[in-house]
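The values are calculated or read from the model by the stated rules, or taken from the named source; none is laboratory data. Because the structure is a prediction, the values reported are computed rather than measured. Using ideal geometry, Cβ is built from the backbone for each residue, glycine included, and neighbour counts are taken over all protein chains shown. Heavy atoms of the whole protein, side chains included, go into the accessibility calculation; ligands, DNA and RNA do not. Shrake-Rupley method; radii C 1.70, N 1.55, O 1.52, S 1.80 Å.
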Amino acid sequence: MSDSPSRYARILDWLDQHVIRPFYTDRVRRLILQSFPFWIASILTGMVAVGYEKVFVWAEEVSFSWLGRTPWLAFVLTPLAFGASWLLVRQWAPAARGSGIPQVMAGIELSNPGQHHRTGYLLSLRVAIVKVLSSVVLLLGGGVIGREGPTIQISAAIFRAINKLQPAGWPQLSRQIALVTGGAAGLAAAFNTPLGGIVFVVEELTQMHMARFRMAVFTAVIIAGLTAQTFLGPYLYLGFPKIVPAAGRVQVLVLVVALGCGLAGAAFAKTLLWLGRYRQRFTSLAAQAGWVVGCGMLLGGLAYLVGSEGVGTGKPIINRLLFQNNGQTPWYLFPVRFAGMALSYSSGGAGGIFATSLSAGAILGDGICQVFNVAVADRNLLILVAMVSFLTGVVRSPFTAAILVLEMTDRHSAIFQLLISGLLAQGVASLVDPHSLYEHLKAGFIRETGDVDRATQLPPRPHNGSQTAD
């Protein structure tokens with residue numbers, strides 16, 4: 001392992017001398033040399049995303065299995081899983097906790113000559129490994145989490161590692177562009193949504209002008225997505241739900257659902273922030289462990305009462321509502337999922353909120369349909385609108401949410417309803433809090449890296465002139 005960077009450098013030099021230099025002009029050669037490491041990182045991202053997805057599906061099936069056979073085990077296995085997931089993060093990589101998207105946002109902001117060494121705390125390969133282990137353990141115990149945010153952090157860590165391995169003198173793209181591109185590739189590979197990955201970069205990850213990194217992002221998204229499709233096939237995340245054209249009161253209900261679910265998403269984000277602040281009062285190890293086990297016990301109780309629909313990613317629930325909806329989803333499922341999401345995220349382990357927010361939105365949308373006596377055949381459009389709106393209320397990325405749901409279902413006929421619902425949800429959520437959950441958490445991670453930097457007394461690292469700052 002000690003000579004792996006030099007071996008990597010020798011491979012790159014050989015390709016430059018024998019494959020690239022003899023056939024291309026200097027300008028084209030430089031572009032290829034800049035992009036080649038990103039192509040390697042994109043392939044790795046696609047492969048890792050596929051493996052992570054398969055492990056996640058296995059872990060969720062295992063949790064459904066033991067809960068279905070022996071429900072009372074929820075009072076034992078769920079607290080144990082919460083504790084193990086938290087300990088993995090606490091001992092080996094504190095920045096692996098939670099979603100992963102705020103860490104990527106913080107890393108992008110810190111990617112400048114004076115602070116770029118701090119990104120290692122947020123986006124190292126060790127963080128990525130702990131991210132996988134902690135999230136899988138949490139899911140095995142019934143945690144209500146997703147893998148999409150974690151995949152984005154893992155992808156950014158891969159791109160950062162590949163970018164660091166480039167030999168001196170190699171024409172490089174900036175550290176910041178590496179992280180931005182990694183985030184896009186991760187989302188595209190996780191959901192099989194290339195357009196969603198691109199829009200996510202523009203809307204959430206960076207305020208830079210798109211022209212500066214568009215080629216890197218586009219190629220990374222394509223390569224990562226194609227790699228994932230090589231193993232999984234050209235799948236849709238949610239299949240092809242039947243959509244009845246909106247007419248009459250359904251058009252009005254689109255607005256009602258968008259506003260209601262946008263408010264609910266914003267309330268969920270505020271709940272997570274409040275729980276995070278409340279948890280800070282527990283400073284001793286025993287008190288922190290008590291908090292984690294308590295979260296696990298509460299979720300275990302909910303799982304015991306509700307069953308498998310109270311745990312896991314929620315994707316099976318979305319599929320049931322879109323394809324096998326009997327119109328009788330119990331009213332209490334949304335508050336149970338809401339509480340389960342909050343308990344899982346606040347436990348301190350690793351796990352995302354993208355997929356779980358989509359499932360919470362779907363359940364709430366179906367509940368609103370029940371209140372207004374909407375026929376089951378007419379509900380799918382409103383359920384998709386609810387998914388977009390709840391996710392927007394949490395993350396404040398309306399176009400990303402709309403494009404993600406569009407690409408997951410291939411329902412282009414609903415694009416205008418999805419877009420307008422995202423914008424309405426964004427507007428009403430801003431009344432609750434002008435800043436998104438990720439913005440709040442990003443600021444916390446930036447402060448945390450500063451505290452770690454001062455505690456370890458790292459000297460400033462010299463700037464390598466071959467890497468641009470921005």
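Points to keep in mind about this one:
- Ordering of 313-324, 291-302 by packing [mean C-beta count within 10 Å, highest first]: 291-302, 313-324
- Per residue value of the accessible surface for segment 67-181 (all protein chains in place, 1.4 Å probe), Å²: 30 Å²
- For R126, the accessible surface of its heavy atoms amounts to roughly 140 Å² (probe 1.4 Å, protein chains only, rounded to the nearest 10).
- With a cut-off of 15 Å between beta carbons, the residues surrounding P94 carry a summed charge of +4, where Lys and Arg count +1 and Asp and Glu -1.
- Probe 1.4 Å, all protein chains present, accessible-area order of K131, K442, largest first: K442, K131
- In the chain, helices alone account for a calculated mean residue ellipticity at 222 nm of -23500 deg cm²/dmol, with every DSSP H run of four or more residues adding -39,500 (n - 2.57).
- Within the accessible area of the chain, the carbon and sulfur atoms contribute 65%, probe 1.4 Å, all protein chains present.
- Estimated FRET transfer efficiency when R0 is 45 angstrom, pair D451-F323 (beta carbons, to 0.05): 0.40
- Using the average count of surrounding beta-carbon atoms within 10 Å as a protection proxy, the listed peptides 158-166, 385-393 rank, highest first, as 385-393, 158-166.
- Phi-based couplings in Hz for segment 115-121 (Karplus 6.51, -1.76, 1.60; Gly and Pro marked x): 10, 4, 5, 6, 5, x, 5
- Residue-span extension gain [L273 to H412] - 0.36 nm each, minus C-alpha spacing: 46.5 nm
- Where the Cα pairs of the chain fall when distances are cut into 20 Å bins, in %: 25, 56, 18, 1
- Cα-Cα pairs of segment 23-166 separated by more than 22 Å (percent): 47 percent
- When each of the peptides 43-54, 240-251 is scored by how many other beta carbons lie within 10 Å of its residues on average, the order from highest to lowest is 43-54, 240-251.
- Accessible area, probe 1.4 Å, largest first, for residues Y332, Y278: Y332, Y278
- Under the span-like rule (Cα at least 18 Å along the axis, Kyte-Doolittle mean at least -0.5), DSSP H helices of the chain: 26-69, 74-92, 125-140, 148-165, 175-191, 214-232, 249-279, 285-306, 333-346, 354-371, 379-395, 415-432
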